[in-house]
Structure formats: structure tokens, C-alpha cells
């Protein structure tokens, strides 16, 4: 894989998130959509407490989601 094709940033966590938690990232984005009134760290804490997602994975999902949604 060339440097141009290499995924970086929060999206680089997506394959391991999907493997570990058994859901596509679109599933998590759908859940986050329903919680869009929360602040970044509130969303992270919510994923951690409700779904036992690790901090790094939760933070990556939230950062990517908020960036894509312009929140």
C-alpha cells in the first residue's frame, strides 16, 4: 500500500473497531446521530458506558463522526 492510499487519523481505527465490536462503523455513526446534542467527550463517555467500547476506539468514532457532520 502506498503512502497515498494509507488511511490515517480516526479512520485508521475502523477495521479494528469493526472486528472487535462486530458492527460496521455505520452502525456506531447511526447511534451517535441520535446523540448529536452531546459534546465530544460526552459522546465518548456514552459509547464507553453503554457499549463498553475502549476509549481510543470511542474517541476515533466520535472525532470522525463530528468532523463528517460538521459538529
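Bear in mind that the values in this text are calculations on the coordinates, not laboratory data. Model, not experiment: these values are computed from the prediction. Positions of Cβ are backbone-derived with ideal geometry, glycine not excepted, and every protein chain shown enters the neighbour counts.
Quick notes on this one:
- Relative contact order, whole percent, for segment 9-69 stands at 44, derived from Cα pairs under 8 Å and 6 or more residues apart.
- Annotation: extensible slack from residue 51 through residue 11 equals 12.5 nm (criterion: 0.36 nm per residue apart, minus Cα-Cα distance).
- Angle between the chain longest axis and helix 40-51 axis [Cα atoms, degrees, rounded to 10]: 90 degrees
- Per the Cα gyration tensor, the chain maps to an equivalent ellipsoid with semi-axes of 21, 14, 10 Å, ordered largest to smallest.
- Highest average packing first - 5-13, 47-55, Cβ atoms within 10 Å: 47-55, 5-13
- Gain on full stretching of the segment that runs from residue 66 to residue 40 - 0.36 nm per residue minus C-alpha separation: 8.6 nm
- Between helix 55-69 and the chain there is an angle of about 90 degrees, using the helix long axis and the longest principal axis of the Cα atoms.
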